[in-house]
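Trainee: Here's a structure for you.
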Amino acid sequence: MSRDPQIRAATPEDLVWIHELRHRVYAQELGQHMPQPDRRLHDALDGGNVYLVAAQGPVRIGFVSLTPPWLGRYGLDKYLTRDGLPMLSEGGVFEVRLLTVEPRRRGTAVAPLLMYAALRWISSRGGRAVVAMGRTELLDMYLKVGLRPVGRTVRSGAVTFEVLTGEVAALTQVATTRYRTVLERFGSVVDWRLDMDRTPGADGCEHGGASFTAVGTDFRTLHRRHEVVAADVLDAWFPPAPGVGAALTEDAAWSARTSPPTGAEGLLSELAKTRALPVETLVAGAGSSDLIFRAFGRWLTPESRVLLLDPGYGEYAHVTERVIGCRVDRFRLHRRDGWRIDLARLASVVGAGRYDLVVVVNPNNPTGRHASATELRTLITAAPAGTRWWIDEAYLGYVDLAESLAPLAAVDPRVVVCTSLSKMYALSGVRAAFLVAEPATAALLRRWTPPWGVSLPAQLAAVAALRDPAYYRSRWLRTRTLRRRLATDLARVADTVVVEEGVANFLNLTLPYAGPSAARLVRECRRHDVYLRDLSPLSPQYEGRTVRVAVRDTAENARVVAAYGAALEALRPGSPRRRSAGSPARVAAGHAR
């Protein structure tokens with residue numbers, strides 16, 4: 001048996017030790033609580049807390065407790081009102097509690113390792129902020145990792161605590177820079193058994209597309225593309241229109257070596273004709289991300305106030321919060337409302353005039369819900385004149401292109417509509433997109449567009465695609481049929497899992513509280529070369545238990561269903577694989593209430 005330090009979610013057996021250690025430390029040693037006859041310490045949050053445990057072989061040496069926001073209450077609620085600590089009412093706040101180490105292991109790396117594990121767990125569930133109570137005599141330890149006092153102290157028994165907080169992104173930055181050497185050492189000696197990667201992604205933005213790591217990012221094993229089901233990205237299941245293939249292959253050597261039209265003039269002209277828009281209102285880009293970075297970088301500063309839907313496409317939070325450093329608020333969507341936008345509530349929030357930019361992805365990714373153009377137009381018309389609206393219509397073809405707000409964007413300086421040609425037109429690989437804005441706004445963005453920003457193959461492909469609307473209408477209709485059949489087949493596998501269909505080329509699966517985490521399901525499906533998307537990092541609204549599945553063709557959808565069924569069976573309590581993996585207790589996995 002390995003003697004390397006192990007980090008894992010608590011098992012039922014661990015919970016007995018945890019309650020006993022809590023009593024030894026917080027009742028007998030520190031005098032925070034009265035000693036109990038059974039020498040175990042519990043509290044009202046134990047039914048929903050998440051415990052992470054550090055162990056050395058069979059010997060448990062420390063633990064930390066996490067209280068997620070979906071529990072609806074925190075340990076701090078016993079000491080402070082929400083008026084006294086209003087951040088507890090904000091979305092995405094996780095409480096870190098009860099960092100506890102066996103006396104003989106204090107002063108070692110156990111406490112920092114547990115703190116880092118807690119940070120990774122919170123980040124993997126979409127956490128944006130951490131709140132904690134730190135004993136005053138240990139305050140320096142907490143300050144070194146990036147936590148900061150909020151100016152409130154709490155007295156509990158004989159112990160005084162400082163209330164601390166920190167943004168998850170900033171804490172991660174501290175951990176991966178200031179403590180990089182320590183983390184690298186952890187990586188070589190720690191047996192990491194949590195359901196998220198030990199280290200965050202390179203840019204801090206969680207994207208889909210892990211399936212390409214199975215194909216091979218060095219492009220030496222491209223044959224693997226026929227073996228892997230890439231249902232973790234929302235690329236089209238169908239090929240591009242026949243004319244696209246002809247345009248790309250007619251003289252591939254010429255299109256590869258030839259500089260394209262400098263400003264994508266032919267593509268803009270085709271867009272103007274097919275979408276009935278003035279060409280001076282159009283700006284082309286190499287995918288919607290190119291346009292997002294370019295436009296937001298021109299419009300926004302760290303002083304800007306931005307409102308994002310939550311859940312919503314992660315690129316917007318990444319650019320506004322992490323790249324530019326804006327002050328970002330979330331407009332929370334709720335499962336109880338079917339994830340639909342409450343337009344009256346949104347109008348009230350925006351009506352105060354606090355926001356420089358409001359971003360609406362419609363249909364929304366990842367919820368799959370759509371708000372009608374009529375309702376959105378009414379909302380925007382009544383909004384303050386100083387608020388700009390960015391409407392992302394990357395998946396609108398799956399609903400109806402007539403629902404576009406592009407005509408409004410062409411005349412209203414407050415509105416910009418961004419449309420990716422990647423997903424709807426099966427052009428993800430060539431990267432093409434456009435935005436619509438009134439002429440002065442569009443002209444400014446064109447001025448900041450580098451020459452040859454859209455490659456010649458991309459321009460050729462996009463123009464050919466736009467010239468075949470009938471082909472794409474038929475594929476979008478077929479997508480609805482495939483999505484409905486996939487939803488039905490997945491629902492038959494397990495009636496405890498909620499299947500949410502939506503309107504675009506994907507659907508979502510929400511696992512029961514007593515089931516495996518979304519991360520574990522995704523990981524298990526990969527054993528079958530089927531890649532799904534864990535939505536947990538996008539939003540705490542998903543509670544670590546929602547998976548997105550892209551619609552594929554009939555054969556690949558059948559593989560998705562089979563892998564999903566096999567994964568649920570493998571993760572079922574009592575299964576050989578579940579036992580060998582050291583499955584977490586229900587309370588430890590964060591699926592109990």
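Trainee: Return yes or no: is residue 61 over 28 Å from residue 543 (Cβ atoms), in contact (Cβ under 8 Å) with a residue 40 or more places away in the chain and part of a strand (DSSP E or B)?
Mentor: yes
Trainee: Are any residues in segment 357-375 out of contact with any Phe, Trp or Tyr (no Cβ under 8 Å at 6 or more places or on another chain) and either surrounded by fewer than 22 Cβ atoms within 10 Å (Cβ to Cβ) or within 17 Å of residue 507 (Cβ to Cβ) (or both), and if so, which ones?
Mentor: Residues satisfying the conditions are 370, 371, 372, 373, 374, 375.
Trainee: I'm trying to understand the selection: among the residues of segment 138-148, which are within 27 Å of the chain's Cα centre (by Cα) and either open to solvent by 60 Å² or more (accessible area, probe 1.4 Å) or of a type in the set (Asp, Glu) (or both)?
Mentor: Correct list: 148 only.
Trainee: Another question about this same structure. Please enumerate the residues belonging to segment 249-268 that are open to solvent by 50 Å² or more (accessible area, probe 1.4 Å), over 14 Å from residue 283 (Cβ atoms) and in a helix (DSSP H, G or I).
Mentor: Result: 249, 252, 253, 254, 256, 257.
Trainee: Right, something else. Filter segment 124-137 for residues that are assigned to a helix (DSSP H, G or I) and open to solvent by 30 Å² or more (accessible area, probe 1.4 Å) and give the result.
Mentor: Correct list: 136, 137.
Trainee: Restricting attention to segment 298-309, and to residues there that are surrounded by fewer than 20 Cβ atoms within 10 Å (Cβ to Cβ) and touching a residue at least 40 places away in the same chain (Cβ under 8 Å), which single residue is farthest from residue 91 (Cα to Cα)? Outline the logic, then answer.
Mentor: Filtering segment 298-309 for residues surrounded by fewer than 20 Cβ atoms within 10 Å (Cβ to Cβ) gives 298-299, 301-305.
Those still in the list that are touching a residue at least 40 places away in the same chain (Cβ under 8 Å) too: 298-299, 304-305.
On the way: 298: 28, 299: 26, 304: 20, 305: 17 Å.
Out of the qualifying residues, it is 298.
Trainee: Within segment 233-247, work out how many residues are open to solvent by 50 Å² or more (accessible area, probe 1.4 Å) and assigned to a helix (DSSP H, G or I).
Mentor: The number of residues fulfilling the criteria is 2.
Trainee: Go through the residues of segment 106-123 one by one and say whether even a single one is open to solvent by less than 40 Å² (accessible area, probe 1.4 Å), touching a Phe, Trp or Tyr at 6+ places or on another chain (Cβ under 6 Å) and under 14 Å from residue 165 (Cβ atoms).
Mentor: yes
Trainee: Regarding segment 347-357, can at least one residue be identified that is within 25 Å of residue 293 (Cα to Cα), outside any loop (DSSP other than H, G, I, E, B) and of a type in the set (Ser, Thr, Tyr)?
Mentor: No, the conditions are met nowhere in segment 347-357.
Trainee: A further question follows. If a residue must be part of a strand (DSSP E or B), in contact with a Ser or Thr (Cβ under 9 Å, 6 or more places away or on another chain) and farther than 28 Å from residue 462 by Cβ, how many such residues does segment 275-307 contain?
Mentor: The qualifying residues number 2.
Trainee: List the number of the failed condition for residue 381; all other conditions in (1) loosely packed, with under 14 Cβ neighbours inside 10 Å; (2) touching a residue at least 24 places away in the same chain (Cβ under 8 Å); (3) hydroxyl-bearing (Ser, Thr, Tyr) hold.
Mentor: Here residue 381 clears every test but (2).
Trainee: Which one of these is farther than 25 Å from residue 383 by Cα, hydroxyl-bearing (Ser, Thr, Tyr) and not in a helix (DSSP H, G or I): 449, 419?
Mentor: Being farther than 25 Å from residue 383 by Cα, hydroxyl-bearing (Ser, Thr, Tyr) and not in a helix (DSSP H, G or I) holds for just one of 449, 419, which is 449.
Trainee: Yes or no: segment 271-288 includes at least one residue that is within 25 Å of the chain's Cα centre (by Cα) and open to solvent by 60 Å² or more (accessible area, probe 1.4 Å).
Mentor: no
Trainee: Residue 268 fails exactly one of the following numbered conditions: (1) out of contact with any strand residue (DSSP E or B) (no Cβ under 9 Å at 6 or more places or on another chain); (2) modelled with pLDDT of 95 or more. What is the number of that condition?
Mentor: (1)
Trainee: Using the structure shown, decide if residue 363 is in contact with a Gly (Cβ under 6 Å, 6 or more places away or on another chain) and assigned to a loop (DSSP other than H, G, I, E, B).
Mentor: In short, no.
Trainee: Do we have residue 30 as out of contact with any helix residue (DSSP H, G or I) (no Cβ under 6 Å at 6 or more places or on another chain), hydrophobic (A, V, I, L, M, F, W, C) and open to solvent by less than 10 Å² (accessible area, probe 1.4 Å) here? Reasoning before the result, please.
Mentor: Working: out of contact with any helix residue (DSSP H, G or I) (no Cβ under 6 Å at 6 or more places or on another chain): yes; hydrophobic (A, V, I, L, M, F, W, C): yes; open to solvent by less than 10 Å² (accessible area, probe 1.4 Å): no.
No: the conditions fail for residue 30.
Matching residues to (1) more than 18 Å from the chain's Cα centre (by Cα); (2) at pLDDT below 90:
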position	(1), (2)
132	yes, no
150	yes, no
154	yes, no
165	yes, no
176	yes, yes
186	yes, yes
190	yes, yes
207	no, yes
210	no, yes
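Trainee: How many residues are open to solvent by 10 Å² or more (accessible area, probe 1.4 Å) and touching a strand residue (DSSP E or B) at 6+ places or on another chain (Cβ under 6 Å) if we restrict to segment 436-462?
Mentor: The qualifying residues number 1.
Trainee: Pull up segment 448-484, narrow it to residues that are of a type in the set (A, V, I, L, M) and in contact with a Lys or Arg (Cβ under 8 Å, 6 or more places away or on another chain), then point me to the one that is farthest from residue 245 (Cα to Cα).
Mentor: For segment 448-484, the residue satisfying everything is 482.
Trainee: Let me ask something additional. Of the residues 413, 407, only one is assigned to a loop (DSSP other than H, G, I, E, B) and not polar (S, T, N, Q); which?
Mentor: Going through 413, 407 in turn, just one is assigned to a loop (DSSP other than H, G, I, E, B) and not polar (S, T, N, Q): 413.
Trainee: What is the number of the single condition among (1) without any contact (Cβ under 8 Å) to a residue 60 or more places away in the chain; (2) open to solvent by less than 20 Å² (accessible area, probe 1.4 Å); (3) under 25 Å from residue 123 (Cα atoms) that residue 215 does not meet?
Mentor: With (1) without any contact (Cβ under 8 Å) to a residue 60 or more places away in the chain; (2) open to solvent by less than 20 Å² (accessible area, probe 1.4 Å); (3) under 25 Å from residue 123 (Cα atoms) applied to residue 215, the lone miss is (3).
For (1) in contact (Cβ under 8 Å) with a residue 60 or more places away in the chain; (2) crowded, with 23+ Cβ neighbours inside 10 Å; (3) under 22 Å from the mean Cα position of the chain (by Cα), each residue gets a yes or a no:
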site	(1), (2), (3)
468	yes, no, no
471	yes, no, no
480	yes, no, no
491	no, no, no
494	yes, no, no
524	no, yes, yes
530	yes, yes, yes
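Trainee: Listed residues 43, 77, 83; which is in a helix (DSSP H, G or I) and open to solvent by 10 Å² or more (accessible area, probe 1.4 Å)? Working first, answer last.
Mentor: On the way: 43 fails: in a helix (DSSP H, G or I); 83 fails: in a helix (DSSP H, G or I).
Exactly one residue qualifies, and that residue is 77.
Trainee: Take the conditions open to solvent by 20 Å² or more (accessible area, probe 1.4 Å), closer than 20 Å to residue 445 by Cα and within 27 Å of the chain's Cα centre (by Cα) and apply them to residue 414. Does it pass?
Mentor: The answer is no for residue 414.
Trainee: For residue 80, are the conditions met, namely being more than 26 Å from the chain's Cα centre (by Cα), in contact (Cβ under 8 Å) with a residue 40 or more places away in the chain and closer than 22 Å to residue 29 by Cα?
Mentor: The answer is no for residue 80.
Trainee: Here is a check on your reading of the model: is residue 170 open to solvent by 50 Å² or more (accessible area, probe 1.4 Å), touching a residue at least 12 places away in the same chain (Cβ under 8 Å) and either of a type outside the set (A, V, I, L, M) or in a helix (DSSP H, G or I) (or both)?
Mentor: It is true that residue 170 is open to solvent by 50 Å² or more (accessible area, probe 1.4 Å), touching a residue at least 12 places away in the same chain (Cβ under 8 Å) and either of a type outside the set (A, V, I, L, M) or in a helix (DSSP H, G or I) (or both).
The values are calculated or read from the model by the stated rules, or taken from the named source; none is laboratory data. Just so it is clear, the model here is predicted, and its values are computed rather than measured. Note that we place each Cβ from the backbone using ideal geometry, even for glycine, and neighbour counts take in every protein chain shown. In case anyone asks, the SASA skips ligands and DNA or RNA and just uses the protein heavy atoms, side chains included. Shrake-Rupley method; radii C 1.70, N 1.55, O 1.52, S 1.80 Å.
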